[in-house]
1. Computed FRET efficiency, Cβ-Cβ of Asn78 and Val37, R0 41 Å: what is it to the nearest 0.05?
2. Using only DSSP helix segments of four residues or longer, with each worth -39500 (n - 2.57), what per-residue ellipticity at 222 nm results for the chain after dividing by its residue count and rounding to 500?
3. Specify which residue in the list Leu14, Tyr55, Ile70 is farthest towards the positive end of the charge dipole of the chain, using unit charges on the beta carbon of Lys, Arg (+1) and Asp, Glu (-1), about the Cα centre.
4. Rounded to the nearest 20 Debye, what is the dipole magnitude of the chain about its Cα centre when Lys and Arg each give +1 and Asp and Glu each give -1 at the C-beta?
5. Note the angle between two axes, namely the Cα long axis of helix 3-86 and the longest principal axis of the Cα atoms of the chain, as a number of degrees from 0 to 90, rounded to the nearest 10.
6. Please work out the ratio of the alpha-carbon Rg of the chain to 2.2 N^0.38 Å and round it to two decimals.
7. Once the other residues with Cβ under 15 Å from the Cβ of Tyr55 are scored (Lys, Arg +1; Asp, Glu -1), what is the net sum?
Amino acid sequence: MCISCVDVQLSHYLDVVEIQIADQISRRSEAFFDAMVSHDELQDHMRRTCDVIQYLRYVAQCSVLAVLCIVTSSLVVNIVNVLVLYL
C-alpha cells in the first residue's frame, strides 16, 4: 500500500471519528441543557415554596399572638369583674 493511500484512508477514519464525536456531543449537550433547565425550574420552585413557608410561619406566629392577646384581655376583664364584685 502506498503512503498516499494510507493518508487518504487515515483521513477518512479521522473524518468518521470527528463526525461521531460531534454527534455524541450534540446528543449529550441537549440532555445536559435539558437537565440544566429542569434544575433551574426546580430551584425556582423550591425558592417560591420556601417563601410561602416563611409567610405561613409568620401568619401562624401572628395568629398565636392575637389569640394570646384576646385570652389575656378576657382574663383581665374577668379579674376586674371579680375585683369589682368583691371590693
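Taken together, the values in this text are just the output of simple stated rules run on the coordinates, not laboratory data. On a predicted model such as this, the values are computed, not experimentally measured, just so you know. Cβ placement follows ideal geometry from the backbone for every residue including glycine, while neighbour counts extend to all protein chains displayed.
1. Given R0 = 41 Å and the Cβ-Cβ separation, E is 0.10.
2. Working: 1 runs with 84 residues, N = 87.
Helix contribution divided over all residues of the chain: -37000 deg cm²/dmol.
3. It is Ile70, whose Cα lies furthest towards the positive end.
4. 900
5. 0
6. So the Cα radius of gyration is 3.10 times the expected 2.2 N^0.38 Å.
7. On the way: positive: Arg47, Arg48, Arg57; negative: Asp51.
Counting the neighbours of Tyr55, the net charge comes to +2.
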